[in-house]
1. Highest first, please rank the peptides 205-212, 185-192, 104-111, 245-252 by the mean number of other Cβ atoms sitting within 10 Å of their residues.
2. How high is the relative contact order of the range 106-263? Use alpha-carbon pairs under 8 Å, at least six apart in sequence, and give a whole percent.
3. Once Lys and Arg get +1 and Asp and Glu get -1 on their Cβ, which of Ala217, Val127, Ala138 lies farthest toward the positive end of the dipole of the range 124-237?
4. Students often get this wrong, so check it: of Lys325/Lys400; Lys90/Lys457; Lys216/Lys457; Lys286/Lys450, which have C-alpha atoms separated by over 27 Å?
5. Take the alpha carbon atoms of the range 50-92, find their center, do the same for the range 418-436, and report the distance between the two centers in whole angstrom.
6. What part of the accessible area of the chain, given as a whole %, is carbon or sulfur when the probe is 1.4 angstrom?
7. Pull out a ≥ b ≥ c, the square roots of the eigenvalues of the alpha-carbon gyration tensor of the range 148-272, then state rounded if a/c is under 1.5, prolate if not and a/b is larger than b/c, and oblate in the remaining case.
8. Relative contact order (percent) for the chain, with alpha-carbon contacts under 8 angstrom and 6 or more residues of separation?
Amino acid sequence: MATATVEESSKPRLIFGRWRFWMFMVGLVTILTGLLFGYDQGVISGALQFIAAAFHLSTTLQEVVTSWVTLGALIGALIAGGLADRLGRKPTMMIGGALFAVGALGESLAPGTWILVISRFVIGFGVGVASVAGPLYAAEMAPSSDRGRYVSSYQLAVTIGILLADIADAVLSPGGHWRVMLGLSIVPGVLLLVIALGMPDTPRWYLAAGRRADAKATLAKVLGGPNLDGRLDAMQADLAQTSGVKMRDVFAPAMRRALWVGIGLAVFQQVTGINAVIYYSDKIFKLAGFTTPHGQTIATIIAVGVVNCLATLIAIAYIDRFGRKPLLYAGLTGMTVGLLGIAVAFAFLDRHPSTTGGVSITGVVTLVFMIVYIASFAFSLGPVTWTMISEIFPNRIRGKAMAVATAFNWGAAFVVSASFLSIMNAIGEATTFFIFAALCVICFFWVRAKVPETRGKSLEQIQASWGELDKANKEPKQPAAID
Ligand code: BGC
């Protein structure tokens, strides 16, 4: 599982020619793998209250129904790398799409809680498999000059999926059609299965499987350009360098700093509350005084769906201009302000609807600060985490190290989503949001102390800088000095 890419053709790009067509299809497949993930992330917030009422779910069971997707995704992501190496990137994506569609069918028809929970787990498994195979496929298919854009388009697709799910929730919640909300997930699953079926595997995988003729045919078909054999030879040399890498190589002392940064970003991204807010946003708005399910889903569309999507576009535009750390500083500050605002609203403001039947003061203030929080996450810790995880590891171990960091991300998402409601019941909403805010502050100082700036650095420069940092071990306060 590595990410060497097909070199860019020297030919001009064709707008309507086959070059463009195939790259468009690669983009489409990547976007679909992100959409699956996002749709599922978003849909549960609107469906949960109907499911809870239909199946008389306790708080703990509501947490199980919500969080087992992340548990499935954790396991799916861990085995996806091996599957992608053994079966190919394309069949692995198809398996992800098929599992997702089967799980979606199961949850929309579920007669009781346990079929629902198992279906959620199957969906998660599909999400986990697709979340590794999709970006891997894109990274190996895209010309290196466009690789960053393809990686960011995955994150953007996640947010579009969340937005589409929020809209489906809003349209379907007045009638209480939670089975349709969940069943609609079948569509992106089947689309991924069908579209991936018509795509070739990556040249790199064909080469690893000893199928040079297929590798050459794919390279010619998808990218075209001169010197196909020379490019394949370069790819083969790169493959030789990365083959035989073991999981324990990821944990070698020389990799430790990079690994801690990758795992730290992956875990902080979750323990600062993003999925608690995304999964349970309707519930939060209900507690804050949005009395009708429709009012709650509209607040969710605005505060979570639209804002998350738009702010991700800001990150894509500025991540290479401003750098990763300035975005993280600004974003973590905004997230802290947003979370403190929500905590204060819950602690001190009136939660009862106004006398004219509208939303409570707490509701309005919560909505405003939720927007601040989500926007700040979406231009910082959301995309920057995935960008940095894909650039801080050396090529040789990158695939495996990314899988470890991704598994930590899902693991942390599971812990947070499986305990958020219980924690809120036990210590109250205000204290819970205050703890998330405190974790943002800790993350801010950790980023300052431990995370290097990688903007404008080649992957080799980033590698060299880790070695220098190891040598200058005595100056832990300045590890960001890659420049
Ligand atoms: C995170 C997800 C989160 C999403 C929200 C991603 O970067 O990994 O857990 O749900 O952003 O947009």
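The values are calculated or read from the model by the stated rules, or taken from the named source; none is laboratory data. Here the structure is a predicted model, which means the values were calculated and not measured. We place every Cβ from the backbone using ideal geometry, glycine too, and count neighbours over all the protein chains shown. Just so you know, the surface numbers come from the protein's heavy atoms only, side chains and all, with ligands and any DNA or RNA stripped out. Shrake-Rupley method; radii C 1.70, N 1.55, O 1.52, S 1.80 Å.
1. Ranked by mean Cβ neighbours within 10 Å, highest first: 185-192, 104-111, 205-212, 245-252.
2. Numbers: 71 pairs, mean separation 26.2, N = 158.
Relative contact order for the range 106-263 comes out at 17 percent.
3. Value: Ala217.
4. Checking Cα-Cα distances, Lys90/Lys457; Lys216/Lys457; Lys286/Lys450 exceed 27 Å.
5. 23 Å
6. 69 percent
7. oblate
8. Contact order relative to length: 22 percent.
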